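Colleague: My structure is below; once you've seen it, I'll send some questions.
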Amino acid sequence: MVETIRWSDGVVEILDQAMLPHEVKYIRCSVYGDVVRCIKELNIRGAPAIGIAAAMGIALASMEADVKGREGFDRKIGIAIDALLASRPTAVNIRWACERMKALLQRNADSSVEELKGLLLAEAQGILREDIEINRQIGFWGAQFIKDGSRILTHCNAGALATGGYGTATAPMRQAIAEGKRIHVYADETRPVLQGARLTTWELMEDGIPVTLICDNSAGALMKAGEIDLCIVGTDRTVRNGDVANKIGTYTVAVLASVHALPFYVAAPFSSIDFTLSSGDYIPIEERNGAEVTNVTGKCQIAPNGVKVKNMAFDVTPAKYVTAIITENGAFKPADLEKLAAWDVNFENFRIKA
Ligand code: MRU
């Protein structure tokens, strides 16, 4: 399985997703500013992956901090955290990762700067390892919704490349295959940046998973023709009432699925659930440079010079269109999500079965 991000000899190596599928090459980040740039420019993207990148960026910032005292060290880490938080606004995973790294600093109030550098690196590496394990659990809980012969539509890339490995939306697919089920994946191309065409098809083909690429505007016709059995997508931020932010176009797919009475599943690690927000209306939606829309892969201009562009990177799918949220702790009805925030929750009481 492809490695999205890794720590290697004091640098963070990021698989350059802007170059895929043409070239498999890693960008070496030796200072945290390199990681911030990679997140902003989509060299690494996908909610869990940018959360991991943020944690590794903080570990790098700690190595860069040339100070002995704890106060100066915390200040330097704080500056790095602010830059990482400002890199992309919609995925909650960056905030989640930064809070986890900050909590580690607070728990170790008496540790020396040198000790903290080791602890922060170990935490970042732990977040990467855990992410892969969490995705396997999502696969375990999600595969029950996939039957032998299922044809599955997915949007954007919520696969191994969007995570530490194994993927979230792809996890139930991988698990279903491991259980001997035959599946076929339809990947929306996902304009404007084409994560579906460039990334999802590439990683599924690398892993021998049958996949067909379709234009975003084909999904409805395929559903009407009876060629899709279910949809599985990822999420950048799912909130307490079950509203789901994901790549622009996800909402369209969800409405189409509802009209055609097809199940619409969202694979969401708990790190993508923002229990502080009560509704999707409050999720900040990133607007990106119009050049992503007027140009294809930054190379070929397809619109007139000077045309006005609105480039919303994400949309919010209301909970009523979501059949279930598949997490590492089980699959749940969106309406039950807010009950899962309680520290003593018994997940078994809320899990839904196929
Ligand atoms: O702009 P991107 O490529 O970062 O958007 C990614 C998505 O929308 C993914 O579906 C989402 O982050 C879930 S990844 C497991």
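Colleague: Here are the criteria: (1) touching a Ser or Thr at 6+ places or on another chain (Cβ under 6 Å); (2) within 16 Å of the ligand (Cβ to nearest atom); (3) open to solvent by less than 10 Å² (accessible area, probe 1.4 Å). Tell me which single one Leu120 does not satisfy.
Modeller: (2)
Colleague: Please verify whether Asn43 is without any contact (Cβ under 8 Å) to a residue 40 or more places away in the chain and within 14 Å of the chain's Cα centre (by Cα), treating the condition exactly as stated.
Modeller: Yes: the conditions hold for Asn43.
Colleague: Looking at Ala261, Ala267, which is the one that is of a type outside the set (Lys, Arg) and touching a residue at least 60 places away in the same chain (Cβ under 8 Å)?
Modeller: Ala267
Colleague: If you don't mind, another one. With the checklist (1) farther than 30 Å from Pro172 by Cβ; (2) in a loop (DSSP other than H, G, I, E, B); (3) in contact (Cβ under 8 Å) with a residue 12 or more places away in the chain; (4) of a type in the set (A, V, I, L, M) in hand, flag the one item Ala303 doesn't pass.
Modeller: The number of the failed condition is (3).
Colleague: Give the stretch 64-85 a look and list any residue that's open to solvent by 10 Å² or more (accessible area, probe 1.4 Å) and touching a residue at least 40 places away in the same chain (Cβ under 8 Å), or say none.
Modeller: Of everything in the stretch 64-85, those that are open to solvent by 10 Å² or more (accessible area, probe 1.4 Å) and touching a residue at least 40 places away in the same chain (Cβ under 8 Å) turn out to be Val67, Lys68, Gly69, Arg70, Ala83.
Colleague: Here are some residues: Gln144, Gln125. Which one is away from the ligand (no atom under 12 Å from the Cβ), in the same structural domain as Met63 (by TED's automatic domain parsing), among the polar types (S, T, N, Q) and farther than 28 Å from Val193 by Cα?
Modeller: Gln125 is the lone residue from the list that is away from the ligand (no atom under 12 Å from the Cβ), in the same structural domain as Met63 (by TED's automatic domain parsing), among the polar types (S, T, N, Q) and farther than 28 Å from Val193 by Cα.
Colleague: Considering only residues that are among the basic types (Lys, Arg) and assigned to a loop (DSSP other than H, G, I, E, B), look in the stretch 153-194 and name the one that is least open to solvent (accessible area, probe 1.4 Å).
Modeller: Lys181
Colleague: On the basis of being more than 16 Å from the ligand (Cβ to nearest atom) and closer than 21 Å to Asp188 by Cβ, does Ile302 make the cut?
Modeller: Yes; evaluated as a whole, the condition is true for this residue.
Colleague: Mind listing whichever residues of the stretch 142-151 are outside any loop (DSSP other than H, G, I, E, B) and either on the phi > 0 side of the Ramachandran plot or crowded, with 24+ Cβ neighbours inside 10 Å (or both)?
Modeller: Gly142
Colleague: Give me the residue from the stretch 223-251 that is touching a strand residue (DSSP E or B) at 6+ places or on another chain (Cβ under 8 Å) and at positive phi and, out of that set, farthest from the ligand (Cβ to nearest atom).
Modeller: My answer is Gly242.
Colleague: For Gly290, are the conditions met, namely being open to solvent by less than 40 Å² (accessible area, probe 1.4 Å), out of contact with any helix residue (DSSP H, G or I) (no Cβ under 8 Å at 6 or more places or on another chain) and at pLDDT 95 or above?
Modeller: In short, yes.
Colleague: Next question. Can you pull out every residue in the stretch 243-279 that is open to solvent by less than 10 Å² (accessible area, probe 1.4 Å) and more than 17 Å from the chain's Cα centre (by Cα)?
Modeller: Scanning the stretch 243-279 gives Val253, Ala254, Ala257, Phe264.
Colleague: So, in the stretch 195-218, how many residues would count as being of a type in the set (Asp, Glu) and crowded, with 21+ Cβ neighbours inside 10 Å?
Modeller: Total meeting the criteria: 1.
Colleague: Any residue in the stretch 162-179 that is within 16 Å of the ligand (Cβ to nearest atom) and among the charged types (D, E, K, R)?
Modeller: Yes; the residues of the stretch 162-179 include at least one that is within 16 Å of the ligand (Cβ to nearest atom) and among the charged types (D, E, K, R).
Colleague: For the stretch 255-275, give me each residue that is touching a Lys or Arg at 6+ places or on another chain (Cβ under 8 Å) and in a loop (DSSP other than H, G, I, E, B).
Modeller: Across the stretch 255-275, the qualifying residues are His260, Phe275.
Colleague: How about the stretch 40-63: which of its residues are surrounded by fewer than 24 Cβ atoms within 10 Å (Cβ to Cβ), part of a helix (DSSP H, G or I) and within 16 Å of the ligand (Cβ to nearest atom)?
Modeller: Answer for the stretch 40-63, where residues must be surrounded by fewer than 24 Cβ atoms within 10 Å (Cβ to Cβ), part of a helix (DSSP H, G or I) and within 16 Å of the ligand (Cβ to nearest atom): just Lys40.
The values are calculated or read from the model by the stated rules, or taken from the named source; none is laboratory data. What you see is a predicted model; the values in this text were computed from it and never measured. Cβ atoms come from the backbone with ideal geometry, glycine included; neighbour counts cover every protein chain shown. When the accessible area is computed, the model is the full protein with side chains, heavy atoms only, and any ligands, DNA or RNA have been set aside. Shrake-Rupley method; radii C 1.70, N 1.55, O 1.52, S 1.80 Å.
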